[in-house]
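The structure appears right after this line, and notes come after that.
The values are calculated or read from the model by the stated rules, or taken from the named source; none is laboratory data. A quick note: this is a predicted structure, and the numbers were derived from the prediction, not measured. Glycine gets a Cβ as well: all are built from the backbone with ideal geometry, and neighbour counts include every protein chain shown. Remember, those area values only see protein heavy atoms, side chains included, never the ligands or the DNA or RNA. Shrake-Rupley method; radii C 1.70, N 1.55, O 1.52, S 1.80 Å.
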Amino acid sequence: MVDEGVPVLSQITGENEMSSELRRELVDCWVVVSNAGGAAGFPFPPVTFDEVAAVADRIISGLDPRRSRLLLATVDGVLAGWLNVRRDLNPLVAHWGTVHHVQTHTAFRRRGFGAALMNRLKDVARDEMGLEQLHLAARGGVGLEHFYGGLGWKEIGRWPGALRIAPGDDRDEILMALAL
């Protein structure tokens, strides 16, 4: 039995596991998060379903248990949040992966679902993908470094002013890592 309001965490490791309904929910989530100003890959809202779907389809078509997975949080059967973890199989860098598009639907914010996804990610990356560390890049100026820092991530560098959100609004890109 699933407790109401508690996230169920799952993963998708291949395109064939993605139903059309789940794809629609993922794209809808990404549109809502982006249009609310979320730092999830589309910095210039508003974005449309079709714009986001094209990028989501590239991620979905690249899913592979060794290279790329989606981690999902659902609540009462509804997608509450998701992220993508990817790795390059080149032997020089195959021991680490990169986290992309971490997001929680605005209807499910401040309930710990983002932290639950990130904590589950540690186990999946280490135990199922064989990774030793994770990397991510976060937009400065919105407090993401504090969120990730509270989960054990360390800031390893910054690219000052790397992200131009609007004229006169340049933000640092914060580089973070987590040893597994």
Query raised in the report: Where the centre of each part is set by its Cα atoms, how far does the stretch 1-61 sit from the stretch 112-179, in angstrom?
Result: 19
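What is the packing order of peptides 23-35, 100-112, taking the mean over residues of other C-beta atoms within 10 Å and listing the highest first?
Result, highest mean first: 23-35, 100-112.
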Query raised in the report: Build a GNM of the chain with springs between Cα atoms under 10 Å: which of ILE59, ILE165, ILE12 gets the top mean-square fluctuation?
Result: ILE165
Requested in this report: Could I get the Rg over Rh figure for the stretch 77-180? Both from C-alpha atoms, Rh via Kirkwood, rounded to two places.
Outcome: 0.99
Requested in this report: Quote the FRET efficiency, to the nearest 0.05, computed for GLU51 versus ASP127 with a Förster distance R0 of 25 Å and r equal to the Cβ-Cβ distance.
Outcome: 0.10
Query raised in the report: How much area per residue is accessible in the stretch 27-135 when the probe is 1.4 Å and only protein heavy atoms are counted (Å²)?
Result: 45
Query raised in the report: Taking the chain, how much of its Cα-Cα pair set, in percent, is spaced more than 21 angstrom apart?
Result: 50
Query raised in the report: Across the Cα atoms of the stretch 61-100, what radius of gyration and what greatest pairwise Cα-Cα distance (Dmax) are found, in Å?
Result: 12.5, 42
